[in-house]
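*Asks:* Handing you this structure, nothing more for now.
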Amino acid sequence: MEKLEDSRHLYLDLMKRCLVNMIYPQAEELPLPATGTALRGRFARTLLKGEGGLSGHIPATRSGDHSGRMEGRIWPVIAHTMIGLKRLDNLEFCIEQVIAKGVPGDLIETGVWRGGATIFMRAVLKAYGVTDRYVWVADSFEGLPPPDEGNYPSDAGDRLHEARELAISLEQVKANFDKYGLLDDQVRFLKGWFRDTLPVAPIQRLAVLRLDGDMYQSTMDALVNLYPKLSRGGFVIVDDYGAIPACRQAVNDYRSADGITEEIRSIDWTGIFWQKGS
């Protein structure tokens, strides 16, 4: 049994190292202007100054910026996730807890980019031999929506919909799953804007709900439609709570309206989580 545990954790540790691309770090070390479009450069100059409400979030790899990549402060060139090791460790902890304690339900991430966090969700289920839970991969696969400033004034001025680096196709995300040998019937894809897909998603119960929608509307859409499906003892993880004020406001507004008092726990400089009704 001890050898099985050792093998399981070696596999999951290697998965995390691959997903953040610690394996070939030199591939991430390109000068900023060479990593994408002129738009990326403009975002980098704006966000590095801490403007635009993102608290200095760095959206492109700078040469030698190992700590930024490990802490999830950049948009990496090659890696399949930008969330960093601490948030992957937290995801592993949450999934292991619901498995160990028999908390019923599936796993979902809303806003998946290249799919890294959901790939890791599937890897954890595989490592523990879990065959009765699905991983739901929810995204537009076309980037972020333009802000609906009339209905969601907290999103006013948001320009992330202009960042084409965030528009990763469904076909590419599926291909990324396949690279790890994890594209199978336990992975379900929800393509479209959250306001359209989440109200009708064929999800019965959830055990882990991970939000990475950046904007107020995307965060609120996910909470309104999915939090009621979260089992007692399940976990909510919010990726952008510390980095994006609009996301934080949506979480605070929903918790207040729904009377949620469970303690919010920090993961790192931006990520937070809480456990429902434990």
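The values are calculated or read from the model by the stated rules, or taken from the named source; none is laboratory data. Treat the numbers as computed from the prediction; the structure is a model and nothing was measured. Note that we place each Cβ from the backbone using ideal geometry, even for glycine, and neighbour counts take in every protein chain shown. For the accessible areas, the whole protein counts, side chains as well, though only heavy atoms, and no ligand, DNA or RNA atoms are used. Shrake-Rupley method; radii C 1.70, N 1.55, O 1.52, S 1.80 Å.
*Asks:* Just checking: which of the helices (runs of 4 or more DSSP H) contained wholly in region 1-103 hold 1 or more residues that are surrounded by 13 or more Cβ atoms within 10 Å (Cβ to Cβ) and at pLDDT 95 or above?
*Replies:* 2-19, 84-100
*Asks:* Are any of the residues in region 218-232 in contact with a strand residue (DSSP E or B) (Cβ under 6 Å, 6 or more places away or on another chain) and of a type in the set (Lys, Arg)?
*Replies:* Yes, region 218-232 contains a residue that is in contact with a strand residue (DSSP E or B) (Cβ under 6 Å, 6 or more places away or on another chain) and of a type in the set (Lys, Arg).
*Asks:* Across region 255-273, what is the total count of residues that are farther than 12 Å from residue 90 by Cβ and polar (S, T, N, Q)?
*Replies:* Of the residues in that region, 2 qualify.
*Asks:* For region 128-139, what are the residues that are surrounded by fewer than 20 Cβ atoms within 10 Å (Cβ to Cβ) and on the phi < 0 side of the Ramachandran plot?
*Replies:* Within region 128-139, 128, 130, 131, 132 qualify.
*Asks:* Take the residues of region 81-120 that are closer than 16 Å to residue 268 by Cβ and without any contact (Cβ under 8 Å) to a residue 40 or more places away in the chain: which is nearest to the chain's Cα centre (by Cα)?
*Replies:* Restricting to residues being closer than 16 Å to residue 268 by Cβ and without any contact (Cβ under 8 Å) to a residue 40 or more places away in the chain, the top hit is 82.
*Asks:* If a residue counts only when it is in contact with a Phe, Trp or Tyr (Cβ under 9 Å, 6 or more places away or on another chain) and open to solvent by 40 Å² or more (accessible area, probe 1.4 Å), which helices (runs of 4 or more DSSP H) contained entirely in region 141-254 have at least 3 such residues?
*Replies:* In region 141-254, 170-179 are the helices (runs of 4 or more DSSP H) which contain 3 or more residues that are in contact with a Phe, Trp or Tyr (Cβ under 9 Å, 6 or more places away or on another chain) and open to solvent by 40 Å² or more (accessible area, probe 1.4 Å).
*Asks:* Report every pair of residues separated by at least 6 positions or lying on different chains whose Cβ atoms are under 9 Å apart, first residue within region 226-254 and closer than 17 Å to residue 99 by Cβ and modelled with pLDDT under 95, second among the charged types (D, E, K, R) and open to solvent by less than 10 Å² (accessible area, probe 1.4 Å).
*Replies:* As it stands, the answer is none, since no pair meets every condition given.
*Asks:* Residue pairs, Cβ under 6 Å, 6 or more apart or interchain, first in region 159-187 and closer than 30 Å to residue 147 by Cβ, second surrounded by 12 or more Cβ atoms within 10 Å (Cβ to Cβ) and acidic (Asp, Glu). List them.
*Replies:* Qualifying pairs under 6 Å: 160/214; 167/142.
*Asks:* Looking at this structure, is residue 277 open to solvent by 10 Å² or more (accessible area, probe 1.4 Å) and touching a Ser or Thr at 6+ places or on another chain (Cβ under 6 Å)?
*Replies:* Against the criterion (open to solvent by 10 Å² or more (accessible area, probe 1.4 Å) and touching a Ser or Thr at 6+ places or on another chain (Cβ under 6 Å)), residue 277 does not qualify.
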